[in-house]
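A.B. asks: Below: one structure in structure tokens.
The values are calculated or read from the model by the stated rules, or taken from the named source; none is laboratory data. Owing to the predicted nature of the structure, the values given are computational and were not obtained by experimental measurement. Using ideal geometry, Cβ is built from the backbone for each residue, glycine included, and neighbour counts are taken over all protein chains shown.
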């Protein structure tokens, strides 16, 4: 590392060591509340195979339409399936889909955003494509893509990624363009560092804060949109329930067994609320300038 | 102003072309033979062949693209397989329903979002402020279609106040419109109201700390005038820029909310088209909604220029 | 022989009389006094300069007079008499009626002090219409007249301009026109020229000087610039860490400063346009008002302090005609 690198970036080391940022996060009420909510949901979903009282698809016709009680805290559905198991397993699938979307956003959002932000010649074409994709309302485009691809879990992941990657790429592009002009980047360039080295060593590490914030919101949107797609019959097959599918199934019995709809909806709201709080806290602590971007 | 409007209209054309290209490409995403998928498992080979010919799938790609655009310029979006009706006609027939509900929902969003956001900012750091923040967070966290179902449970099933479905024209039967459209409009409004509340609150807090507010007070103006004229005029600017986003969420939300409440609008039309794999209708509907949104956004931009003198003069 | 302190007020009551004013702020659960038992008088038609470093409480004092303290600040004690009435006991409605009509104020930042979404004419007319029974047309005429008087060329045409179409100097002129639109008796000018170019500063001071004669109003000008004081003020109050350190007519203050802080200020101002913000000759920094030193607040930085300085707050003692200093050694120093 050259002298210019060291002299020009006093803040970098401090930002890379987790200490102070983590301490500030833990003092942020929104972050802690979000962590508790989302953490609880995530752990329960993760442990579904071990803590579910029954197989989510085990039918017991004599227990049909049981209201929530001590034996069946969330009641049972039209086939006597235990809703506790179904909600836990449903959460597993919903969170899994959300996580896939987040990972694809992290990879493609960073690659495309960094390319557009760093290489001026790529900026125009990439951003025009993003503009065209973003001219459609997010959920609507996802529905269109999923309708074309046909219902499956992979469809949902692909549709939601196509919709949200341009948005993530935009966030990253904006921060790359800011960091690109910083003195220490200019210094590194003057010291003869190549594009790859500048991008990976100097620029991207300084764009992580807005990316993390954006990804936490993408996670939240993905959970909500997954529910919409599944509800419309564009998601997973009913045998592998996600929360959206549970709501769609419950809808038919909403007059006589409202709990079938209430419980998965509360699960979605809790998860998304947790993620939103998490995102708010991260934004307040890591990147106070960033605005909400849906 | 007129020149600016015209300029923006011309700038829209390339984006419109790109958007229609995406809509065209959508059918190419269908795995396997779209005609087979659309026909369903009971279709005879002759029927599938008919679908294929109807959609022009038997012709080379560039010919398909050319005829797609040629038809598009005449406002022809193809023929719905399900309804046997031209897609454009079906969409235009139902557009007023969706737009009325969207308008109702937009009004609810703006009134609720601004009122709560302003009150929270004026009562900064009090219990009122915190309650508003919780309300706003819940708003952006609750799935809108689930909220719609919960309202059906409460207001239709338990209380029997409102019908679960239907629609009445607001001009012919305003009461009927309010009875049928209120639950869908509220369900649609929830998410953006939460977003708007948060933005109005933080903008208002920011504006109230500005020097020009202190100047307004130093002039001896009553607090009501300081807030409702001097502060609000500045808060309106980000609110107007948000209207485009709000409309976008409203229109995409309408698919699922209209399906739930059986509202005969574009949303339920598309919802049915998705269930039945009616690709021309899906494609045309998406394109129609995207184009409508771009036009509405243009209107919003012009509004924005009217509200912010800095933009008006600079351009 | 020193004259009794009450001599001047006996002849004619001052226009503004601030007495024993204490302003406290709450920040992170603690209360601290930004202004600590401050007092001064302003006679009708007089220009009082208040000079001090940032954080000395000079702006807070002006905001307290206007009744515009920020939400976490409050007047803990004292009186602010304007034309004989205590502004602090005035109902909010009456106080509002005085603001902009009897007392005008201009601020440091002309770039941000005007509302960006309204025309300047609109903002001036608003003040006039609000305070006087005047139709919009007549108010507009008055606004044109005011803009012309503050030296804005082709005033009628510029009335419909937005703030962003004007330079900083022009905007400050608009602020002045707005503050003077209802012919106030008192103008509070908080760093009116600080944000402007040096050449424009001088023009603006000349303008203020002309206008205050024309309108016969008193001015309290708040600044950290001794040049502004020398050029513009009749009398000076030197603020230090929330207290008045010295008060005197301009000439005796520049000729015979009695407080060591004032002497330091003047010594670090070789040229009249230099800023007191950049004090090089006084070592140390102003004490944190959250934990002020006991006794004289300047003692930690004072070159002539004695043990007694750190015991009690030094009272303001007369050292000449209308000249008072809060220093127990003021008598020796002046001699």
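A.B. asks: Surrounded by fewer than 17 Cβ atoms within 10 Å (Cβ to Cβ), assigned to a helix (DSSP H, G or I) and in contact (Cβ under 8 Å) with a residue 40 or more places away in the chain: does that describe residue B:131?
C.D. replies: No; evaluated as a whole, the condition is false for this residue.
A.B. asks: Against the condition more than 30 Å from residue B:223 (Cα to Cα) and in contact with a helix residue (DSSP H, G or I) (Cβ under 9 Å, 6 or more places away or on another chain), how does residue B:122 come out, does it pass?
C.D. replies: Here the answer is no, as residue B:122 does not meet what is asked.
A.B. asks: Could you say which residue among C:86, C:97, C:160 is more than 25 Å from the chain's Cα centre (by Cα) and more than 22 Å from residue C:211 (Cα to Cα)?
C.D. replies: Residue meeting the stated conditions: C:160.
A.B. asks: Out of the helices (runs of 4 or more DSSP H) lying entirely within the stretch B:195-276, which hold 1 or more residues that are within 21 Å of residue A:163 (Cβ to Cβ) and more than 10 Å from chain C (Cβ to nearest Cβ)?
C.D. replies: Helices (runs of 4 or more DSSP H) meeting the threshold: B:232-260, B:266-275.
A.B. asks: So is residue C:329 loosely packed, with under 14 Cβ neighbours inside 10 Å and modelled with pLDDT under 85 or not?
C.D. replies: No: the conditions fail for residue C:329.
A.B. asks: A further question on this structure: Which one is nearest to the other protein chains (Cβ to nearest Cβ), of the residues in the stretch C:80-113 that are surrounded by fewer than 20 Cβ atoms within 10 Å (Cβ to Cβ) and part of a helix (DSSP H, G or I)?
C.D. replies: Among them, the one singled out is C:97.
A.B. asks: Against the condition modelled with pLDDT under 85 and away from chain B (no Cβ under 14 Å), how does residue A:185 come out, does it pass?
C.D. replies: yes
A.B. asks: Taking into account only those residues within the stretch B:23-36 that are out of contact with any helix residue (DSSP H, G or I) (no Cβ under 6 Å at 6 or more places or on another chain) and either at the interface with chain A (Cβ under 7 Å from one of its Cβ atoms) or not in a helix (DSSP H, G or I) (or both), which is surrounded by the most Cβ atoms within 10 Å (Cβ to Cβ)?
C.D. replies: B:33
A.B. asks: So residue B:50 ticks every box in (1) in a helix (DSSP H, G or I); (2) within 14 Å of chain A (Cβ to nearest Cβ); (3) surrounded by 14 or more Cβ atoms within 10 Å (Cβ to Cβ) but one. Which box is left unticked?
C.D. replies: (2)
A.B. asks: For the stretch A:185-217, how many residues are in contact with a helix residue (DSSP H, G or I) (Cβ under 7 Å, 6 or more places away or on another chain) and in a loop (DSSP other than H, G, I, E, B)?
C.D. replies: 1
A.B. asks: Quickly run through the stretch B:37-56 and pick out the residues that are under 19 Å from residue B:86 (Cβ atoms) and out of contact with any helix residue (DSSP H, G or I) (no Cβ under 6 Å at 6 or more places or on another chain).
C.D. replies: Listed by number, the residues that qualify are B:50, B:53, B:54, B:55.
A.B. asks: Can I ask one more? Which numbered condition trips up residue B:158, out of (1) within 14 Å of chain A (Cβ to nearest Cβ); (2) touching a helix residue (DSSP H, G or I) at 6+ places or on another chain (Cβ under 6 Å)?
C.D. replies: Exception for residue B:158: condition (2).
A.B. asks: So which residues in the stretch C:290-326 are buried (at least 18 other Cβ atoms within 10 Å of the Cβ), outside any loop (DSSP other than H, G, I, E, B) and out of contact with any strand residue (DSSP E or B) (no Cβ under 8 Å at 6 or more places or on another chain)?
C.D. replies: C:299, C:301, C:309
A.B. asks: Evaluate the stretch A:149-158: report whether one residue or more is away from chain B (no Cβ under 14 Å), modelled with pLDDT of 90 or more, in a helix (DSSP H, G or I) and touching a helix residue (DSSP H, G or I) at 6+ places or on another chain (Cβ under 6 Å).
C.D. replies: Among the residues of the stretch A:149-158, at least one is away from chain B (no Cβ under 14 Å), modelled with pLDDT of 90 or more, in a helix (DSSP H, G or I) and touching a helix residue (DSSP H, G or I) at 6+ places or on another chain (Cβ under 6 Å), which makes the answer yes.
A.B. asks: For the stretch A:220-237, check the following and say yes or no: at least one residue is assigned to a helix (DSSP H, G or I), in contact (Cβ under 8 Å) with a residue 60 or more places away in the chain, surrounded by fewer than 21 Cβ atoms within 10 Å (Cβ to Cβ) and within 11 Å of chain B (Cβ to nearest Cβ).
C.D. replies: No, the stretch A:220-237 has no match at all.
A.B. asks: Next question, about the same structure. Suppose the filter is more than 14 Å from chain C (Cβ to nearest Cβ), part of a helix (DSSP H, G or I), free of Cβ contacts under 8 Å to residues at least 12 places away in the same chain and over 30 Å from residue C:104 (Cα atoms); does residue B:289 pass it?
C.D. replies: no
A.B. asks: Being in a helix (DSSP H, G or I) and at pLDDT 80 or above, is that true of even one residue in the stretch A:53-65?
C.D. replies: no
A.B. asks: Here is a further query. Please determine, by comparing only the residues of the stretch A:242-258 that are surrounded by 23 or more Cβ atoms within 10 Å (Cβ to Cβ) and assigned to a helix (DSSP H, G or I), which one is nearest to the other protein chains (Cβ to nearest Cβ).
C.D. replies: So the residue we want is A:247.
A.B. asks: Further, regarding this structure: Answer yes or no as to whether residue A:145 is assigned to a helix (DSSP H, G or I), surrounded by fewer than 20 Cβ atoms within 10 Å (Cβ to Cβ) and within 14 Å of chain B (Cβ to nearest Cβ).
C.D. replies: No, not satisfied.
A.B. asks: Still on this structure, I have one more. Could you look through the stretch A:89-125, keep only residues that are surrounded by fewer than 24 Cβ atoms within 10 Å (Cβ to Cβ) and modelled with pLDDT under 85, and pick out the one that is farthest from residue A:58 (Cα to Cα)?
C.D. replies: Of everything passing the filter in the stretch A:89-125, A:120 is farthest from residue A:58 (Cα to Cα).
A.B. asks: Still on this model: Determine whether the stretch B:148-155 contains at least one residue that is out of contact with any strand residue (DSSP E or B) (no Cβ under 8 Å at 6 or more places or on another chain), part of a loop (DSSP other than H, G, I, E, B) and within 14 Å of chain A (Cβ to nearest Cβ).
C.D. replies: Within the stretch B:148-155 (the criterion being out of contact with any strand residue (DSSP E or B) (no Cβ under 8 Å at 6 or more places or on another chain), part of a loop (DSSP other than H, G, I, E, B) and within 14 Å of chain A (Cβ to nearest Cβ)), the answer is no, since none of the residues qualifies.
A.B. asks: Could you go through the stretch B:302-311 and let me know if any residue there is under 21 Å from residue B:184 (Cα atoms) and away from chain C (no Cβ under 14 Å).
C.D. replies: Checked the stretch B:302-311: no residue is under 21 Å from residue B:184 (Cα atoms) and away from chain C (no Cβ under 14 Å).
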